[in-house]
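Heads up: the structure comes next, in structure tokens.
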Amino acid sequence: MKKKLKVRAGKESRPIGVFDSGLGGLTVVREIRRLLPSESIIYFGDIARLPYGIKSKEQILSFSIQNTLFLLKHKIKALVVACNSSSSAAYSFLKSHFNLPVVDVIGPAASAAAELTQSGRIAVIATQSTIASRAYEKTLKRLKSSAKIFQSACPLFVPLVEEGWVDGKITEDIVRVYLEPLKRYRADTLILGCTHYPLLKNIIQRNLDAKVQLVDSALPTAQKLASILEKNELCYHSSRRGKLKIFVSDLPRNFVRIGERFLGEKLNDVKVVREI
Ligand code: DGL
């Protein structure tokens, strides 16, 4: 699986590969495009096999390897695992088996939270598989051994977001029920440990004390990617905006409308790949 990289500083026009189980990773792509506008991106959303967050570690690992091999066919220069469930199940494997820089979303979000917290009481909401892996807990403890961590899975958030139900009474009620135990914990920082959750940010914030700071992985991950590209002399600078190509393993009817909400720009180049 090892592939050698050819490095040309500042002129590495090859794309960055990004994958998620579905649309959530587009929240990360949005920040990458803000921070690194000339970089081109190939995105893969594994919509046919979504959700990942309720599956076993072995299954998520296997999907993540397949997604990586698909993106490598597009000659990517770096890989962003824009899915917390994949980051917790597959990041170490991908990092050690593929010879290209790999960025996950858990490390960057945990670092941002560890810096932000005043009380050291950090809450994490994520999919069942991310919570079961205890990846956030372990990473946060490494960064701040005094931290007290409270974790809770919110399995209904992903289908709500994929359906575009990011506001309204039903979503508000579900958010309130999921956040109830967390309120009692009195955390001052809440990690949105799933790349779908930023779309529920307003509702989540409304259901918590206004002082609770929300951290999502999009910006810290984009910043981590920028520093890794820099360190590996893999940056690309140009006056033109980089291209964004989107591949999905299935194309639900409302994909473009909802995808544009995640991405914050028009979704023009979307292709379906049935076999990856
Ligand atoms: N976006 C994925 C994550 O960050 C989860 C979605 C899913 O369950 O497939 O964990």
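The values are calculated or read from the model by the stated rules, or taken from the named source; none is laboratory data. Everything numeric in this text was worked out from a predicted model, so none of it was measured. When we count neighbours, we look across all protein chains shown, and the Cβ atoms used for this are built from the backbone with ideal geometry, even at glycine.
The set of residues in segment 83-128 being within 10 Å of the ligand (Cβ to nearest atom) and part of a strand (DSSP E or B) consists of Ala126 alone.
Here Leu156 meets each of (1) away from the ligand (no atom under 15 Å from the Cβ); (2) aliphatic (A, V, I, L, M); (3) without any contact (Cβ under 8 Å) to a residue 60 or more places away in the chain; (4) in contact with a helix residue (DSSP H, G or I) (Cβ under 6 Å, 6 or more places away or on another chain) with one exception, condition (1). So is Leu143 in contact with a helix residue (DSSP H, G or I) (Cβ under 7 Å, 6 or more places away or on another chain), more than 16 Å from the ligand (Cβ to nearest atom) and either of a type in the set (A, V, I, L, M) or modelled with pLDDT of 95 or more (or both) or not? So Leu143 fits the description; yes.
Taking the criterion of being part of a loop (DSSP other than H, G, I, E, B), closer than 22 Å to Ile106 by Cβ and of a type outside the set (Gly, Ala, Ser), the residues of segment 204-233 that qualify are Leu208, Val212, Asn232. Among the residues of segment 49-66, those that are of a type in the set (A, V, I, L, M) and more than 8 Å from the ligand (Cβ to nearest atom) comprise Ile60, Leu61, Ile65. Take the residues of segment 188-222 that are within 16 Å of the ligand (Cβ to nearest atom) and among the hydroxyl-bearing types (Ser, Thr, Tyr): which is surrounded by the most Cβ atoms within 10 Å (Cβ to Cβ)? So the residue we want is Thr195. With respect to Val80, is the statement that it is under 12 Å from the mean Cα position of the chain (by Cα), at pLDDT 95 or above, buried (at least 20 other Cβ atoms within 10 Å of the Cβ) and part of a strand (DSSP E or B) true? Taking the combined requirement at face value, the residue satisfies it.
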